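**Q** The structure that follows is given in the form of structure tokens.
None of the figures in this text is laboratory data; all of them are computed from the coordinates on show. Bear in mind the structure is a predicted one, so any value in this text is a computation, not a measurement. Neighbour counts run over all protein chains shown; Cβ positions are idealised from the backbone, glycine included.
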Amino acid sequence: MKAHQGTHPRGAFFLAGVLVLGLAACALPARADDGGIENVGGAARLLTDQGHIRMLAETVRARVSQDSIEVNCEFTFVNHGPADTVLIGFPVRSSGVDVCGDCSDEPTTITPMAGFRSWVDGVEVECTAMPDAEHTGEQEYAYWWTKSVPFAAGQTRVIRDYYIESPGYDSMDGRSFAYILETGASWAGTIGSAEIIVTMVGFSSSSIASMETKPRIRGQELRWSFRNFEPGVDGPASIGFRWIHPGSWGYWDHFVSELKRAVQGDDEEAGSE
């Protein structure tokens, strides 16, 4: 079986989705969907359209606290074409003043992600770190955890990824979580369904200062749901939020700002009567 080769996307495959959160950033880790990639001189490059393998569904569950983010991802793929072996990559990118300028030689030593593991149909597989072909080297690092996955004609396969990482943080005492869906656009057709469920640990939605793509909120859970969409076209390229830890000076500044906004709203309503 021959590995499928496709075309690479025009421009950077990561939109500046995490930057939309408006952070005065010190560190911005971002993770994303498994994507179809190609090996270009030993570096990974995202495909524009894999051709015949579609992502039927994805479910991302994250437990987010002040100090860590634990993530379980499950992706279901179906092959609508002939037997094929595809190179699948899980992207890792971070930026900020604490990141070295050129980390491509030792990608596994500088990542805040701990214990990345991956399974195909319940069987754990070994992944190889491959540098990103479009890495700029400017206060950031970028690479992919890659694996080759064979598909028989018409076969459906389930891939699970697990990792732990640190939240993004900024100079305003904020923390952030971001998940990029856009790499899922590398597969054939639309993504059938996507569920991203975040459980907040040690803080609540009242601590959230800004948000990218509004979720449903129920207690300590944030949930984003999408159906039959192409990220960045008729659905979001990424989701995420920034929160201020209760008890920090930034939290009280956020609380005062919200109080002032509420008071101003009351004054405007009173003036209109």
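**Q** Counting other beta carbons within 10 Å of each Cβ, put Cys73, Cys127 in order, fewest first.
**A** By the 10 Å Cβ count, ascending: Cys127, Cys73.
**Q** For a footprinting-style exposure proxy, rank Glu230, Glu221 by other Cβ within 10 Å, fewest first.
**A** Values: Glu230 16, Glu221 13.
In order of increasing Cβ crowding within 10 Å: Glu221, Glu230.
**Q** Considering amide H positions built from the backbone, and no H for Pro or chain starts, which residues 5 or more places from Ala129, or on another chain, come under 5 Å of its amide H?
**A** Those qualifying (amide H under 5 Å, at least 5 residues apart or on another chain) are Thr146.
**Q** Please list the non-local residues whose amide H lies under 5 Å from the amide H of Ala209, H modeled 1.01 Å from N, same-chain partners needing a gap of 5 or more.
**A** Those lying under 5 Å, H to H, from Ala209 are Arg242, Trp243, Ile244.
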